């Protein structure tokens, strides 16, 4: 059997998952057609943006999770959306939020290890006009994507 695990994981990360209609119907004690209709309606209303897998990140070599509190240089301070959108395109960035307080952005970064994290930080400082990064390393995740781990 061909091992295509990495390719499958990369597709799951970008939304190649589908709801299990029969399982939902059984749990709600409703017909599958009713479940299908309501899911399609939510998709059309853009209430559901995508479907994705919730991973055990250690098992897919992305077990190092860090939250980065970011200050932008003065030339980028007025355009946090532009910087956030560029950073969001990176495959190891799980989320980017524009925030209030002492920082402009918070980035959730998934890397294999501390070395890969360090490489990201060095590159990001140069490429995205970042003046300061404060890192918060996650020691253990208890809940992710509304799923208790």
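Collect the residues in segment 32-52 that are part of a loop (DSSP other than H, G, I, E, B) and either surrounded by 11 or more Cβ atoms within 10 Å (Cβ to Cβ) or touching a residue at least 40 places away in the same chain (Cβ under 8 Å) (or both), keeping them in residue-number order.
Of everything in segment 32-52, those that are part of a loop (DSSP other than H, G, I, E, B) and either surrounded by 11 or more Cβ atoms within 10 Å (Cβ to Cβ) or touching a residue at least 40 places away in the same chain (Cβ under 8 Å) (or both) turn out to be 48, 51, 52.
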Inset, instruction - Would you tally the residues in segment 7-21 being assigned to a helix (DSSP H, G or I) and surrounded by 11 or more Cβ atoms within 10 Å (Cβ to Cβ)? - result: 7
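For the condition within 24 Å of residue 149 (Cβ to Cβ) and either at pLDDT below 90 or outside the structural domain of residue 138 (by TED's automatic domain parsing) (or both), what is the one hit in 49, 40?
Step by step, each of 49, 40 is checked, and only 49 is within 24 Å of residue 149 (Cβ to Cβ) and either at pLDDT below 90 or outside the structural domain of residue 138 (by TED's automatic domain parsing) (or both).
Yes or no, residue by residue, for (1) part of a helix (DSSP H, G or I); (2) touching a strand residue (DSSP E or B) at 6+ places or on another chain (Cβ under 9 Å); (3) under 26 Å from residue 11 (Cβ atoms):
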{"residue": "85", "(1), (2), (3)": "yes, yes, yes"}
{"residue": "103", "(1), (2), (3)": "no, yes, no"}
{"residue": "120", "(1), (2), (3)": "yes, yes, yes"}
{"residue": "123", "(1), (2), (3)": "yes, no, yes"}
{"residue": "136", "(1), (2), (3)": "no, yes, no"}
Inset, instruction - Of all residues in segment 110-129, count the ones that are under 22 Å from residue 76 (Cβ atoms) and in contact with a helix residue (DSSP H, G or I) (Cβ under 6 Å, 6 or more places away or on another chain). - result: 2
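The values are calculated or read from the model by the stated rules, or taken from the named source; none is laboratory data. Everything numeric in this text was worked out from a predicted model, so none of it was measured. Using ideal geometry, Cβ is built from the backbone for each residue, glycine included, and neighbour counts are taken over all protein chains shown.
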